[in-house]
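Taking it in order: structure first as structure tokens, then the write-up.
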Amino acid sequence: MKINFPYTLNILLPIIGWSVLCSAFSFFLILSLASFELETTKNAFIYVFPVLVLIFSFLGVIRYGGAKFWFGEEIRIVNKGVSSEGSIVSSSTDDIKKIFTSLVYISRSTTINVFAGGLSVLVLIILALWINQASSFDLMIVVTGGVIAIFFSCAFATFFCQQAMFKVVKECRRILTERGENTEDVILSSIAPKFYFLFFLPFFTILIVLLFIPSFSFNAAMLCFIALLMTFIIDKSLFSYISNSLSELQGFAKELPVGERAVFITGSLDKEIVSLSEALNNASEQIYSSKKELEKSKEDMTKRVEELEKFFKLTVNRELKMIELKKQLKKCTEKQNSKMD
């Protein structure tokens with residue numbers, strides 16, 4: 001028998017799986033680096049950390065699974081209107097608009113919830129270790145490992161959540177657009193914050209490597225700083241390049257309704273962007289040709305209407321004259337008959 005999971009739970013389960021994997025990585029990283037001089041401190045970490053991860057993961061499953069005693073209105077709307085396979089089951093325009101708005105909200109709040117859950121686990125484990133007299137060095141290692149796990153969990157949640165919702169969001173937009181509804185009033189997240197994930201990814205990767213270096217020198221610190229700066233410049237260049245391509249598309253879209261022949265010209269050297277440019281130009285040419293044909297048809301129709309109006313006036317005047325002549329003929333006939341009598 002096939003089990004129908006709530007749609008939001010289907011989105012959350014891979015995120016929870018990834019977060020648990022990141023927590024396991026952080027767990028073994030901390031065990032490898034921390035000293036844990038006291039046996040009670042080590043046992044507190046070994047037993048408390050996994051339990052906290054499982055508890056907060058379970059709470060996430062309960063919330064996104066649609067538990068009646070603890071879930072948001074947005075989760076209820078989405079689970080009611082979208083099947084587990086990602087098909088929209090509601091037909092009302094208002095319901096679809098609510099689903100679209102709720103999906104946008106969930107895409108933002110999921111990353112926040114993952115961050116809040118990870119931070120809660122980190123704070124509680126630090127508190128448990130502090131109670132069990134952990135050293136400052138061990139607490140610093142735990143904080144570092146926890147921050148690394150939280151970052152990788154939030155990065156995956158941000159990208160995966162929007163990718164998982166892509167099909168349903170597209171379908172909502174299509175239906176609302178066909179029904180003449182506006183979806184531009186919904187506040188969307190910008191692509192710019194995702195750039196910082198690309199920058200901090202090598203930062204935490206270098207941090208993990210540095211944690212295993214026995215002696216950390218000034219030269220190593222400078223090399224790491226230079227490497228991070230170079231990575232930031234490269235990522236910024238890539239983001240600027242992508243932004244320019246998107247800006248070109250936006251400018252081209254504004255030219256299309258003007259009525260003149262719009263040509264999309266890109267400065268990109270990538271074949272994907274160039275192929276897109278050619279496809280857009282072909283579509284633009286077809287739109288321009290169709291518009292010209294429509295204008296020509298309109299002119300022909302106007303001329304035809306004018307000719308019909310002229311013909312109508314001529315025929316109507318002719319009929320009126322014929323009626324008048326018939327009346328005069330009838331009068332003459334009547335007069336002639338009266339004289340003969």
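Each value in this text was obtained by applying a stated rule to the coordinates, not by laboratory testing. Because the structure is predicted, anything quoted here is derived from the model rather than measured. Here the Cβ is made from the backbone with ideal geometry for all residues, glycine too, and neighbour counts use every protein chain on show.
Between E37 and L228, what's the calculated FRET efficiency when r is the beta-carbon distance and R0 is 35 Å? Round to 0.05.
Working: r = 33 Å, r/R0 = 0.95.
Here the calculated transfer efficiency is 0.60.
Descending by average beta-carbon neighbour count within 10 Å, the peptides 14-23, 237-246 line up as 14-23, 237-246, the highest first.
Using alpha-carbon pairs under 8 Å, 6+ residues apart, how would you state the relative contact order of region 7-189 in percent? Don't skip to the answer; put the middle values down first.
Values: 174 pairs, mean separation 64.1, N = 183.
Worked out over region 7-189, it gives 35 percent.
Here's the picture: charge each Lys and Arg Cβ at +1 and each Asp and Glu Cβ at -1 in region 1-136, and of S120, I96, S35 the one pushed furthest to the positive end of that dipole is I96. Each label point was placed 7 Å from the Cα along the Cα-to-Cβ direction; for S275 and Y47 their separation is 5.9 nm. Taking a point 7 Å from the Cα of K310 along the Cα-to-Cβ direction, the residues of region 274-303 with backbone N closer than 17 Å to it are 299-303.
Per-residue 3J(HN,Hα) values for region 84-89, derived from phi via the Karplus relation 6.51 cos²θ - 1.76 cosθ + 1.60 with θ = phi - 60°, read 5, 7, x, 9, 7, 9 Hz in sequence order (x marks Gly and Pro).
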